[in-house]
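**Student:** The structure is given below, and queries will be raised subsequently.
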Amino acid sequence: GVMRELTGIDKKEDRLAKKYSINEVIIVSGNSDTSPWVKAELGKECASCIKRNLSGENIIAVTGGSTLAAVADMLTPDSRKTLFVPARGGLGEDVHNQANTIAANMAAKMNSSYRVLYVPEQVSKEAYLSFMKEPAIKEVISLIKTANIVVHGIGDANVMAGRRKSSPEIMMKIKDGNAVGEAFGYYFNEKPEIVHKVHTVGIQKEDLDHADSVIAVAGGSSKAKAIRAYLKMAPSATTLITDESVANELLKG
Ligand code: G3H
């Protein structure tokens with residue numbers, strides 16, 4: 001629109017997409033760390049991006065987090081067939097931040113369906129292995145692996161490890177590896193190198209290369225380092241939806 005041209009936001013979007021060799025960048029104004037409504041705007045842009053990328057039949061894998069919850073709030077009913085699934089099993093989040101919760105809420109908003117994946121987090125290796133042999137579990141995992149759209153958040157490494165009540169050993173691993181960011185259970189540093197990965201089932205980083213669209217949604221100046229590091233390894237099918245505070249940081253250097 002006219003505003004986007006006047007403020008030069010459209011040019012920043014193009015420059016960033018080129019700089020990081022990704023499909024598309026969408027910038028909303030403001031800083032979601034200091035203005036809560038900016039997160040709602042990220043949610044709105046992400047909801048329309050999902051709609052633009054829908055095919056006749058869809059499997060959409062989603063991660064957890066408050067930004068994804070804002071996306072769920074903005075979705076509206078759609079006649080196209082859509083199944084929501086959590087991208088990965090348990091990452092240690094509280095129930096309101098979990099991918100299962102987000103998938104269920106998104107399906108409710110879009111009048112579509114969802115499947116859940118409850119992975120036990122504190123069981124013996126034997127119990128875990130026999131759980132993985134359950135046909136119903138195997139079925140959900142194979143649905144996740146064939147998702148045509150993946151929607152995920154990006155977090156600050158320390159914030160996420162703290163929020164997930166990670167053990168002192170894992171906290172140390174993240175600190176020693178200089179991790180700055182986190183996405184779908186992978187913690188990475190600025191190089192970027194993966195310094196820790198939450199051991200669970202579902203989408204692994206390599207699987208992102210097979211999705212038609214990968215939508216990363218994250219904003220707030222405190223996440224700028226995390227987002228910059230993530231973009232260095234993001235698949236080329238990525239659309240980044242972020243705010244101006246992050247975009248301005250990413251354009252520097
Ligand atoms: O993996 C990243 C987190 O899901 C981001 O969570 O949207 O609450 O900051 P957030």
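**Student:** In angstroms, what radius of gyration and Dmax does region 122-253 have, counting Cα atoms only?
**Tutor:** Over region 122-253's Cα set, Rg and Dmax evaluate to 16.1, 50 Å.
**Student:** Give, to the nearest whole percent, the P(r) tail of region 14-119 beyond 20 angstrom, counting all Cα pairs.
**Tutor:** Percent of Cα pairs beyond 20 Å in region 14-119: 44.
**Student:** Moving to a separate point now. Could you tell me what fraction of 2.2 N^0.38 Å the Cα radius of gyration of region 138-188 comes to, as a two-decimal ratio?
**Tutor:** Rg over 2.2 N^0.38 Å, computed on Cα atoms: 1.40.
**Student:** Next question, about the same structure. Quick check: Cα centre of region 67-126 to Cα centre of region 162-218, how many Å?
**Tutor:** Centre-to-centre distance over Cα atoms comes out at 19 Å.
**Student:** Whole percent per 5 Å bin, from 0 to the bin with the longest distance: what is P(r) over all C-alpha pairs of region 92-138?
**Tutor:** Here the calculated profile for region 92-138 is 4, 18, 22, 19, 19, 12, 5, 2.
**Student:** May I pose another question? Could you work out [θ]222 nm for the chain from helices alone, using -39500 (n - 2.57) per DSSP H run of at least four and dividing by all its residues? Round to the nearest 500 deg cm²/dmol.
**Tutor:** Mean residue ellipticity, 222 nm, calculated: -12000 deg cm²/dmol.
**Student:** How many times 2.2 N^0.38 Å is the alpha carbon radius of gyration of region 45-182? Could the numbers behind the result be given before it?
**Tutor:** Numbers: Rg = 16.1 Å, N = 138, 2.2 N^0.38 = 14.3 Å.
It is 1.13.
**Student:** Treat each spin label as a single point 7 Å out from the Cα along the C-beta direction, and report the D10 to V123 distance in nm.
**Tutor:** Label-label distance for D10 and V123, simple model: 5.4 nm.
**Student:** With +1 on each Lys and Arg Cβ and -1 on each Asp and Glu Cβ, how big is the dipole of the chain about its Cα centre, in debye rounded to the nearest 20?
**Tutor:** In debye, rounded to 20, the chain gives about 180.
**Student:** Here's another thing I want to ask about it. If we sort 14-26, 152-164 on the protection proxy, mean other Cβ atoms within 10 Å, highest first, what's the order?
**Tutor:** Averaged packing, sorted descending, gives the order 152-164, 14-26.
**Student:** Using r as the Cβ-Cβ distance of K138 and A40, and R0 as 35 Å, what FRET efficiency do you calculate, to the nearest 0.05?
**Tutor:** Computed FRET efficiency for K138 and A40 comes out at 0.40.
**Student:** What distance in nm separates the simple spin-label points at S66 and N148, each placed 7 Å from Cα in the Cβ direction?
**Tutor:** Result for the modelled spin labels: 3.4 nm.
**Student:** Which of rounded, prolate or oblate describes the chain when judged by the alpha-carbon gyration tensor and an a/c cut-off of 1.5?
**Tutor:** oblate
**Student:** Could you check how many percent of all C-alpha pairs in region 176-225 are farther apart than 18 Å?
**Tutor:** The answer is 40 percent, as a whole percent.
A short reminder: the numbers here are calculations on the coordinates, not readings from a lab. In this text, all values refer to a predicted model and were calculated from it rather than measured experimentally. Quick reminder, even Gly has a Cβ in these numbers, built from the backbone with ideal geometry, and neighbours come from all protein chains shown.
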